[in-house]
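Peer 1: My structure is below; once you've seen it, I'll send some questions.
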Amino acid sequence: MSDLTTWVAYLADIGVTDLAVRPSPLPSPAPSPAPAIDAAGKLATIREDIGPCTRCKLCEGRTNIVFGVGNPHARLMFVGEGPGADEDAQGEPFVGRAGKKLNEMIQSIGLTRDQVYIANVVKCRPPDNRTPEPDEIATCSPFLFRQIEAIAPDVIVTLGAPASKTLLGTKVGITQLRGNWGRFRGIPVMPTYHPAYLLRAYTVENRRLVYEDLKAARARMAPGEA
Ligand code: URA
């Protein structure tokens, strides 16, 4: 299926019925200038520092450390919770059902998965996909924070409660946080629902809310950049 077909299907899915024949195009993606110290090099160093990690108990059940994927110069970064079974098996974030939904979400705002960067709060799969525990988040999140500093995106979208609470340093629930801008070390953060939640609570209203959050994040990216 083409990107356009996916996008139109997604819009129809969330109840959009009145597409303009010639919508004003989103700014076309242009490559960002490479910063002096290359972000890819910084990311490689962070991955090396993680090594064959045994810093917390999540190492006991994992197959692969799921570091992150995407464009080191991405202007938009997504942060999820932690790897599930598919991600643990493949070593890449968001490759299962929730990943397919995330790809659709990315396409709905005119971007592709390889234009953005995707990472998680914890890099090893929690047993039975449980929520990561505070000590696991405390141990692993500094690596995420370093990834964010290396990439220096214009905008971060946090997917679900653990990611939103971790980056915003709050205990407030996702229902209250979503749709409201916060900041992480000066970078605008838009909390939204996790794609897995969207799949569970597949209402037009939830899909519309997520689409609104994503559009707000897209609009916050520097003009002409992807
Ligand atoms: N859910 C997440 O939060 N992250 C993944 O990588 C996959 C599913």
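Peer 1: From the list ILE118, ILE106, which one is part of a helix (DSSP H, G or I), among the β-branched types (Val, Ile, Thr) and either within 9 Å of the ligand (Cβ to nearest atom) or farther than 19 Å from THR166 by Cβ (or both)? Explain how you work it out, then say what you get.
Peer 2: Details: ILE118 fails: part of a helix (DSSP H, G or I).
Sole residue among the options that is part of a helix (DSSP H, G or I), among the β-branched types (Val, Ile, Thr) and either within 9 Å of the ligand (Cβ to nearest atom) or farther than 19 Å from THR166 by Cβ (or both): ILE106.
Peer 1: Filter region 35-69 for residues that are under 28 Å from GLU104 (Cα atoms), assigned to a loop (DSSP other than H, G, I, E, B) and either charged (D, E, K, R) or away from the ligand (no atom under 16 Å from the Cβ) (or both) and give the result.
Peer 2: Selection gives ARG62 alone.
Peer 1: Scan region 130-147 and tell me whether some residue there is of a type outside the set (A, V, I, L, M), more than 24 Å from MET190 (Cα to Cα) and loosely packed, with under 15 Cβ neighbours inside 10 Å.
Peer 2: For region 130-147, residues of a type outside the set (A, V, I, L, M), more than 24 Å from MET190 (Cα to Cα) and loosely packed, with under 15 Cβ neighbours inside 10 Å: present.
Peer 1: Give me the residue from region 77-101 that is within 21 Å of VAL155 (Cβ to Cβ) and within 8 Å of the ligand (Cβ to nearest atom) and, out of that set, surrounded by the fewest Cβ atoms within 10 Å (Cβ to Cβ). Full working, then the answer.
Peer 2: The first filter runs over region 77-101 and keeps only residues within 21 Å of VAL155 (Cβ to Cβ), leaving 77-81, 93-94, 98-99, 101.
Applying the additional criterion that residues be within 8 Å of the ligand (Cβ to nearest atom) yields 80-81, 93-94, 98-99.
Values: GLY80: 27, GLU81: 25, PRO93: 28, PHE94: 27, ALA98: 23, GLY99: 21.
Ranking the candidates gives GLY99 first.
Peer 1: Based on what the data block shows, is ALA201 among the aliphatic types (A, V, I, L, M) and over 21 Å from GLY110 (Cβ atoms)? Even if it seems obvious, please write down each step before you answer.
Peer 2: Working: among the aliphatic types (A, V, I, L, M): yes; over 21 Å from GLY110 (Cβ atoms): yes.
Here the answer is yes, as ALA201 does meet what is asked.
Peer 1: Another question, if that's okay. Tally the residues that are among the basic types (Lys, Arg) and within 16 Å of the ligand (Cβ to nearest atom), restricting the search to region 142-179. It would help to see each step written out before you state the result.
Peer 2: Here is the first cut: in region 142-179, the residues among the basic types (Lys, Arg) are 146, 165, 171, 178.
Keeping just the survivors that are within 16 Å of the ligand (Cβ to nearest atom) gives 165, 178.
Qualifying residue count for the region: 2.
Peer 1: Looking at THR175, THR170, THR192, can you tell me which residue is of a type in the set (S, T, N, Q) and within 14 Å of PHE78 (Cβ to Cβ)?
Peer 2: Numbers: THR175 fails: within 14 Å of PHE78 (Cβ to Cβ); THR170 fails: within 14 Å of PHE78 (Cβ to Cβ).
Unique residue meeting the criteria: THR192.
Peer 1: Quick test for you: out of ASP135, ASP128, pick the one residue that is within 16 Å of the ligand (Cβ to nearest atom), among the acidic types (Asp, Glu) and more than 13 Å from the chain's Cα centre (by Cα).
Peer 2: Working: ASP135 fails: within 16 Å of the ligand (Cβ to nearest atom).
The unique qualifying residue is ASP128.
Peer 1: Out of region 194-226, which residues are in contact with a Gly (Cβ under 9 Å, 6 or more places away or on another chain), touching a residue at least 40 places away in the same chain (Cβ under 8 Å) and not β-branched (Val, Ile, Thr)?
Peer 2: Hits for region 194-226 are HIS194, PRO195, ALA196, ARG207, ARG208, ASP213, ARG218, ALA226.
Peer 1: State whether the residues of region 169-183 include one that is part of a loop (DSSP other than H, G, I, E, B) and in contact with a Pro (Cβ under 6 Å, 6 or more places away or on another chain).
Peer 2: Let us first name the residues in region 169-183 that are part of a loop (DSSP other than H, G, I, E, B), namely 169-173, 178-181.
Now restrict to residues that are in contact with a Pro (Cβ under 6 Å, 6 or more places away or on another chain): 178, 181.
So far as region 169-183 goes, yes, one or more of its residues are part of a loop (DSSP other than H, G, I, E, B) and in contact with a Pro (Cβ under 6 Å, 6 or more places away or on another chain).
Peer 1: Right, here's the next one. Do we have GLY160 as more than 17 Å from GLU104 (Cβ to Cβ) and among the small types (Gly, Ala, Ser) here? Talk me through it step by step, then tell me what you get.
Peer 2: Values: more than 17 Å from GLU104 (Cβ to Cβ): no; among the small types (Gly, Ala, Ser): yes.
No, not satisfied.
Peer 1: May I pose another question? For region 122-160, what are the residues that are in contact (Cβ under 8 Å) with a residue 24 or more places away in the chain, more than 24 Å from ILE37 (Cβ to Cβ) and among the small types (Gly, Ala, Ser)?
Peer 2: Of everything in region 122-160, just one residue is in contact (Cβ under 8 Å) with a residue 24 or more places away in the chain, more than 24 Å from ILE37 (Cβ to Cβ) and among the small types (Gly, Ala, Ser), namely GLY160.
Peer 1: Looking at (1) in a loop (DSSP other than H, G, I, E, B); (2) within 12 Å of the ligand (Cβ to nearest atom); (3) within 21 Å of ALA150 (Cβ to Cβ), find the lone condition where PRO72 falls short.
Peer 2: (2)
Computed from the coordinates by the stated procedures, all read-outs in this text should not be read as laboratory data. Computed from a predicted model, the values in this text were never measured in an experiment. Cβ sites come from the backbone with ideal geometry, for glycine too, and all protein chains shown count toward neighbours.
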